[in-house]
Amino acid sequence: MTDTQTVTFADLGLAENILKAVTEAGYTIPTPIQAEAIPHIAMGGDVTGIAQTGTGKTAAFVLPMIQRLSTGRARARMPRCLILCPTRELAAQVAENFEKYGKYLKLTMALLIGGVSFKDQETLLQRGVDVLIATPGRLMDQFDRGKLLLMGVETLIIDEADRMLDMGFIPDIEKICTKLPANRQTLLFSATFPADIQRLAKTFQKDPKKIEVARPAQTAETISQFVVKLPTNDGKARRTALRRVIEATNVKNGIVFCNRKVEVDIVAASLTKHGHDAAPIHGDLPQSVRSETLQRFRDGKLKLLVASDVAARGLDIPDVGHVFNFGPPPKDEDYVHRIGRTGRAGRKGESYTVVTPADDKSWGFVLKMIKKDVPEFMPEGLLEELETLPPEEKRDRKGGRDRDRGERGGRSARGRNSDRSDRAERSPRRREQEDGDVAVAEAPIAVEVVDAVETVEAPAVQEKPRRERPARNEKRRERNDDQPRGEKRERDRDRPQRDYKRKDDDLILEPAPDRVVGFGKDIPAFLKR
């Protein structure tokens, strides 16, 4: 491994105009992944870079890439370098690095991500760009529309490759690679190196140099880790514990990670309701909202960012003081990426993970992976407060749907009608306990059933009072009800027609003269014969 204590960026063979931009950005000494990767990439070799979050992987491929592109010229609709990123935020961050380090080079760049106008992107592509930074979905959209040609790509860079696999982008990546020239440079950068990434490297790279500067599951030494263990699985207790931990740790700014998108919205609303400055960010929000929320957090105008794992990878927010896990992540590797949002660039950081009895297995996998003990943290008075909390109310429709959701938030197989029928068949006692509509008292069952029926069912059987009917209408309705349907039709057909006239505001009936329907009183003479 190169001795990074004596190596500077000037020793890596970078051009003067690139070194000037790096110096203005405030960097003089490269990180281990940069010192190892930059010289090999600059010579045109394939590289598989494995380094933990926050070690400068983006600059490790951007700096040599812009140096190689400094000679040559892009052609219309044919980018020279293609950078694939799993999320819009990460793609935008790579674009910022390109602009920062390449500001003294006459290179062009286009960003293809969702939430941005197709027309603006097509204009840039038509002019020709040196670097195309894209998410796989939007890239394939533009390619299928005939707005993009990939036979001119000289360098392919897959950033956060393992995250690409987690998000199901492998078919798209394979399809994209079949449209690229075989004689190209391919770079893979990731925080972990699972078996699927190894297969990806063998498939798409030629004799790559593997650069691994840290153990894949190693957490940064600058991060102080703590666990908050709760005695109950109740969601309200978990949210209460999170608020007490935030209040006890004197947070300047922090990221709260949740496992599901619906949890992100609930936790953000809970924190806001109790006076904390918090906002949600996840994949279902519009891109403009996500970008605005992230910018507010970067600028220090937002204290707490409540996020799904879309914010766990690659986002360059260097000065994050705290990370809070609402629960252990579904994949133990994601724990490293989450807490890696703090303690960056030599700064100190703290992480807190809320664990309930239902999380013991997941938390055990995390401890086994990081190979270290995590001390417990318990805010003063939290356990006593949790004992006094009422159980969390569960709404039948929304709560039931959340329990049956999959990863993509779909409905259960039984469907909405089945939910309604099940609700109708349940006893008042069971409905009372499951839906949480009425508090269950410690009393005999018969009394509870009566109370539940009076409280839950009474509003459903209330009817709008009927208006008073005229006496003649009541008599007519009674007479009609006693007659078969066919007889009523015959009677109505034989009934003489009458004219309704108003005289002195009284409604009177008078026999109608002979007439033909549709002509009123003006009957043609030939019809009277």
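Just so it is clear, none of the values below were taken in a lab; they were calculated from the coordinates. Since the structure is predicted, the reported quantities are computational estimates derived from the model, not experimental observations. In this analysis, Cβ positions are derived from the backbone assuming ideal geometry, glycine residues included, and neighbour counts consider all displayed protein chains.
As a proxy for reagent exposure, ranking His337, His282 by other Cβ atoms within 10 Å from fewest up yields His282, His337. By the count of other C-beta atoms within 10 Å, a proxy for reagent exposure, Tyr101, Tyr27 are ordered fewest to most as Tyr27, Tyr101. Do any of Lys147/Lys301; Lys261/Lys372; Lys100/Lys301; Lys119/Lys179; Lys229/Lys348; Lys57/Lys371 go past 28 Å between their Cα atoms, and which? Pairs exceeding 28 Å: Lys147/Lys301; Lys261/Lys372.
Put +1 on the Cβ of every Lys and Arg and -1 on every Asp and Glu Cβ in the stretch 154-262; which of Ala237, Pro171, Phe193 then has its Cα farthest towards the positive end of the dipole? The listed residue farthest towards the positive side: Ala237.
Sequence-ordered 3J(HN,Hα) estimates for the stretch 25-35 from the Karplus curve with 6.51, -1.76 and 1.60 and θ = phi - 60° stand at 6, x, 10, 10, 10, x, 6, x, 5, 5, 5 Hz, glycine and proline given as x. In this Cβ point-charge picture (+1 for Lys and Arg, -1 for Asp and Glu), the stretch 63-202 has a dipole of about 660 debye about its Cα centre.
Checking every one of the trypsin sites (Lys or Arg not before Pro) in the stretch 6-110 against DSSP loop status and a limit of 11 other Cβ atoms within 10 Å picks out Arg73, Lys106. Across the stretch 236-247, computed HN-Hα scalar couplings (Karplus, 6.51 cos²θ - 1.76 cosθ + 1.60, θ = phi - 60°) run 5, 5, 5, 5, 5, 4, 4, 5, 5, 5, 4, 5 Hz from first to last residue, x flagging Gly and Pro.
Counting beta carbons within 10 Å around each of Asp159, Asp299, Asp359 and listing the fewest first gives the order Asp299, Asp359, Asp159. For a quick check of your reading of the filter: which trypsin sites (Lys or Arg not before Pro) in the stretch 230-334 sit in a DSSP loop and have no more than 13 other Cβ atoms within 10 Å? For trypsin sites (Lys or Arg not before Pro) across the stretch 230-334 that sit outside H, G, I, E and B with at most 13 neighbouring Cβ atoms in 10 Å, the list reads Lys252, Lys301. Under 5 Å from the amide H of Phe257 lie the amide H atoms of Ala307, Phe324, Asn325, Phe326, each residue being 5 or more positions distant or on a separate chain, with H modelled from the backbone and absent for Pro and chain starts.
Among the trypsin sites (Lys or Arg not before Pro) in the stretch 115-192, those placed in a DSSP loop whose Cβ has at most 12 other Cβ atoms within 10 Å are Arg145. Note on the stretch 223-388: Kirkwood radius taken over Cα pairs, Stokes-Einstein applied at 25 °C and 0.890 mPa s, translational D equal to 154 µm² s⁻¹. Normalised by 2.2 N^0.38 Å, where N is the number of residues, the alpha-carbon radius of gyration of the stretch 9-212 equals 0.95. Taking N as the residue count of the stretch 147-264, its C-alpha radius of gyration divided by 2.2 N^0.38 Å amounts to 1.55.
The slack between Lys147 and Thr23, meaning 0.36 nm per residue of separation minus the straight C-alpha distance, is 40.9 nm.
Once you reduce the stretch 156-193 and the stretch 55-85 to the center of their Cα atoms, the two points are 15 Å from each other.
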